Amino acid sequence: DMAEEAKKLAGYAAVDNHVQNNQVVGVGSGSTIVYAVDRLAERVRQEKLNIVCVPTSFQVSVRMCLLSAVLCSSSLTPYQLDVAIDGADEVDAALTLIKGGGGCLTQEKIVASCAKHFIVIADFRKDSSALGQQWKKGVPIEVIPMAYVPVSRTIAKRFGGEAVLRMAVSKAGPVVTDNSNFILDWKFEHIHNWKEVNIAIKMIPGVVETGLFVGMAERVYFGMEDGNVGVRD
Ligand code: DER
C-alpha cells in the first residue's frame, strides 16, 4: 500500500545516500527500518561492502542474524558510529522527533547519540508541523518498573495530560522492553517547549529515557504519496 511504498522509498534513499564501505552503521527499529536493512544487505552483497551494524533491538538483531552472511553486527555500542539510520513516530518543523512507538527508544537514542550523522526515515504520515498533530499515542517514556506509578503521577501533575502504562497485546500484563523496563505513554495536551520538557522528565527518579529526540536528527527522508522522496534538514 501507499505507506509501505513510502517507507521503502525513504529507507532506500537514506542507505544509498549515507552508507559507504568500511563504516559502522547504527540500525534503528520499527517497520520502516526493515526496508533500510534489506537495502543495506543488498548493497553489501552487490558491492561487497564491509559494514558493521549496531542493532537497537532484538527485532533488528534477529533480522540481521538471518542475514548474517551479509552483515556482521556488534551488540555493544562503539564510542563512535559513522551513521545511524532510524524511523520516527512523528517529526515536527524543527525536526524534533517522537520515537518509541515500537518500545526501543532507549537503545535507539544511545546509538543515535554516538553517530556522526543521525538520519531519519519516515513515510508522509509522520510529517507534522507540531508534535501531536498526527501521532495521537503520546510520548513514550521508559521507566524502571518499580517507579512507574510515581513517575506517571509526577508527569501528569507537572505537565498535564496522562501518562499511561503500555499494556502488551500478545502477552499478559505490561509491555516489557529489551532492557526489562516498563513504558509509559504520555498523552500530552498541548505544545510544550520540548527541549525543556525532555530534560525535566528525564530528571524524574525512575525515568530511564524519553521518546523525545530533540536536536538530534540531522536529516529526515520522507517517502511521499506521489512516489517522490522529500528531504528536510
Ligand atoms: O519505536 C521506534 O522508535 C520506531 O523507530 C518508530 O519511531 C518508527 O516505527 P515505524 O517505522 O514502524 O513507524
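The values are calculated or read from the model by the stated rules, or taken from the named source; none is laboratory data. If you're wondering where the values come from, they're calculated on a predicted model, not measured in any experiment. Here Cβ is always computed from backbone atoms with ideal geometry, including for glycine, and neighbour counts include all displayed protein chains. Note: areas computed on protein heavy atoms with side chains; ligands, DNA, RNA excluded. Shrake-Rupley method; radii C 1.70, N 1.55, O 1.52, S 1.80 Å.
Here are some notes:
- Once both labels are positioned 7 Å from their Cα atoms along Cα-to-Cβ, the gap between Val231 and Ile110 label points is 3.2 nm.
- Computed from backbone phi with θ = phi - 60° and the Karplus coefficients 6.51, -1.76 and 1.60, the 3J(HN,Hα) list for the stretch 211-219 is x, 8, 9, 9, x, 10, 6, 8, 7 Hz; x is used for glycine and proline.
- Those residues of the stretch 196-226 whose amide nitrogen sits under 18 Å from the label point placed on Glu4, 7 Å along Cα→Cβ: 223-226
- Using a probe radius of 1.4 angstrom, the carbon and sulfur fraction of the accessible surface of the chain is 55%.
- Number of Lys pairs (Cα under 16 Å; 8 or more positions apart or on different chains) in the chain: 18
- Here Ile144 and Val62 are evaluated by their C-beta separation; at R0 = 25 Å the FRET efficiency comes out at 0.45.
- When the Gaussian network model of the chain links Cα atoms closer than 10 Å, the mean-square fluctuations of Val60, Val91, Val111 top out at Val60.
- Helices in the chain, meaning DSSP H runs of at least 4 residues, each add -39500 (n - 2.57). Divided by all residues, the mean residue ellipticity at 222 nm is -9500 deg cm²/dmol.
- Label-reachable residues, the stretch 98-120, where backbone N falls under 18 Å from a point 7 Å from Ala130's Cα toward its Cβ: 98
- Take each peptide in 166-179, 208-221, count the other Cβ atoms within 10 Å of every residue, and average; sorted highest first, the result is 208-221, 166-179.
- Residue-wise HN-Hα coupling along the stretch 142-159, computed from phi with Karplus coefficients 6.51, -1.76, 1.60 (Hz; x: Gly, Pro): 8, 10, 5, x, 5, 9, 4, 5, x, 5, 4, 5, 5, 5, 5, 5, 7, 10
- From phi via Karplus (6.51, -1.76, 1.60), per-residue ³J(HN,Hα) for the stretch 110-127 in Hz, x at Gly/Pro: 4, 5, 4, 6, 9, 9, 5, 10, 10, 10, 10, 10, 7, 8, 4, 5, 8, 7
- Cut-off 11 Å, label 7 Å out along Cα→Cβ of Ala94, residues of the stretch 116-135 by amide N: 131
- Taking every protein chain into account, the accessible area of the stretch 103-210 amounts to 49 square angstrom per residue (probe 1.4 Å).
- Euclidean distance of C-alpha centroids, the stretch 157-210 and the stretch 85-134, integer Å: 16
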